[in-house]
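Participant: Here you go, one structure.
The values are calculated or read from the model by the stated rules, or taken from the named source; none is laboratory data. Since the model is a prediction, treat every value here as computed from it, not as a measurement. Note that we place each Cβ from the backbone using ideal geometry, even for glycine, and neighbour counts take in every protein chain shown. Accessible surface is based on the protein model in full, side chains and every heavy atom, while ligands, DNA and RNA are left aside. Shrake-Rupley method; radii C 1.70, N 1.55, O 1.52, S 1.80 Å.
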Amino acid sequence: MHPPDTRILTPMARNKKTESDTPKKPGRLAQVRQVFTAARKADPTIPWWMLLAFVAVLAVGTGIGVLVGHWIYALVLSIPMAMLAATLVLSRRAERAAYASLAGQPGAAGAALGALRRGWFYSQEPVAIDGARGTRPEDMIGAAFVYRAIGRPGVVLVAEGPDARRTKLIAQERKKIERVAPGVPVSAIVVGDGADQVPVRKLSGKMTRMKPVLTKEEVSAVNKRLKSLGGMRPPIPAGVDPQRQRVDRKAMRGR
């Protein structure tokens, strides 16, 4: 009997090792568990709200079954509905906790842009900054930031920071955009809790409800034009938020 050909076995063994060493993507339950663990640290009441939603849906479903004379069948159907209700409560409460941790942090507006749905072009890094004294998170306190998003409502400048610096940055960005994409609507949204400002948790909803004026093809063309404004990067690391917080809807849905 001839010995095995190592030229054949070696690549096979190598492939098996590579496949076993490749980290597997966490499943849906694992993702939900991660969201639950992180959210409970920010909001310890989340388990109780989930339990309340589960019991309420289960009780209503079973009660309807008792009235129609099929309570066992209604109970079986109510269990997955109750679990879905608890998951929805987790999603909402986790999202609220994430936004609460972002409020008041430098770069919160950029992190909140991550909740925008399809159809928007944006960067979670600012296109303009004024007042930063360095690259550390504490050096960003008191600085003004402007972020840029392009969608069917046009170009939206999202700003945060002190009034004077913020106003100056918005005016500068407006001029740049008008030079590269004349005639395209440019709107400005100020993130904050003051008068005429939008809280960070309501930013994505505010932008989604804006009236569309551009077609999808025009949005893509404007985005390509505005990319030509790149080249000057703020003197800060990628992702301004010091805690690297961002709102990820997919993770909250367990996808």
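Participant: Please give the contour-minus-distance gain from Thr167 to Ile79: 0.36 nm per residue of separation, less the Cα-Cα distance, rounded to one decimal in nm.
Facilitator: 26.3 nm
Participant: Given the whole protein assembly as supplied and a 1.4 Å probe, what does the accessible area of Val200 come to in Å², nearest 10?
Facilitator: 10
Participant: Compute, for Tyr122, the solvent-accessible surface of its heavy atoms (probe 1.4 Å) with the complete set of protein chains present, and express it in square angstrom to the nearest 10.
Facilitator: The accessible area comes out at roughly 80 Å².
Participant: Follow-up question, since we're still on this one. Using only the alpha carbons of the stretch 156-233, what is the convex hull's orientation-averaged projected area in square nanometres?
Facilitator: Hull-based average projected area comes out at 5.9 nm².
Participant: Tell me, what HN-Hα J-couplings in whole Hz come from the Karplus equation 6.51 cos²θ - 1.76 cosθ + 1.60 at θ = phi - 60° for each residue of the stretch 209-219, using x for Gly and Pro?
Facilitator: For the stretch 209-219, the Karplus-derived couplings read 7, 5, 5, x, 10, 10, 7, 4, 5, 5, 4 Hz, x marking Gly and Pro.
Participant: Applying the Karplus parametrisation 6.51 cos²θ - 1.76 cosθ + 1.60 with θ = phi - 60° to the phi angles of the stretch 61-74, what ³J(HN,Hα) value in whole Hz is obtained for each residue in order, glycine and proline being reported as x?
Facilitator: Per-residue couplings from phi come out as x, 5, x, 5, x, 5, 5, 8, x, 9, 5, 5, 4, 5 Hz.
Participant: Return an integer: the convex hull volume of the alpha-carbon atoms of the stretch 67-170, in Å³ per residue.
Facilitator: 158
Participant: Compute the FRET efficiency between Ser228 and Arg174 as 1/(1 + (r/R0)^6), taking r as their Cβ-Cβ distance and R0 = 25 Å, and round to the nearest 0.05.
Facilitator: That pair, Ser228 with Arg174, gives E of 0.95.
Participant: Then there is this: I need the Kirkwood Rh of the stretch 151-197: take the reciprocal of the average 1/r across all distinct C-alpha pairs and report it in angstrom.
Facilitator: Taking every pair of different Cα atoms in the stretch 151-197, averaging 1/r and inverting gives 11.4 Å.
Participant: Here is a further query. Loop-only check: which GluC sites (Glu not before Pro) in the stretch 127-212 are DSSP coil with at most 16 other Cβ within 10 angstrom?
Facilitator: Qualifying residues, ordered by number: none.
Participant: Given 0.36 nm per residue, what is the gain on full extension from Ala59 to Asp43 after removing their alpha carbon distance, in nm?
Facilitator: Here the answer is 3.2 nm.
Participant: A further question on this structure: Roughly how many percent of the accessible protein surface of the stretch 85-130 is carbon and sulfur, given a 1.4 Å probe and a whole-percent answer?
Facilitator: Exposed carbon and sulfur together represent 48 percent of the surface.
Participant: Further, regarding this structure: With equal scatterers on the alpha carbons only and no solvent term, can you work out the Debye log10 of I(q)/I(0) for the stretch 115-175 at 0.14 1/Å?
Facilitator: -0.42
Participant: Moving on. Taking amide hydrogens as modeled 1.01 Å from N in the peptide plane, which residues meet the under 5 Å criterion relative to Val190, leaving out close sequence neighbours?
Facilitator: So Val190 has HN proximity to Ala159, Val198.
Participant: With a sphere of radius 13 Å drawn around the Cβ of Asp163, what net charge do the other residues whose Cβ falls strictly inside it have (Lys, Arg +1; Asp, Glu -1)?
Facilitator: 0
Participant: On to the next question. Given bins 10 angstrom wide, list per bin the percent of all Cα-Cα distances in the stretch 40-120, short to long.
Facilitator: Spelled out per bin, shortest first, that is 18, 30, 24, 17, 9, 2.
Participant: Let me ask something else about it. In this model, which of Lys168/Lys224; Lys202/Lys224; Lys41/Lys211 are farther than 30 Å apart at the alpha-carbon?
Facilitator: Lys41/Lys211
Participant: Can you tell me what share of the DSSP beta bridges in the stretch 139-194 is antiparallel? A percent to the nearest 5 is fine.
Facilitator: Antiparallel bridges make up about 60 percent of those DSSP assigns within the stretch 139-194.
Participant: Which value, in Å² and to the nearest 10, is the accessible area of Ile141 when all protein chains are kept and the probe is 1.4 Å?
Facilitator: 110
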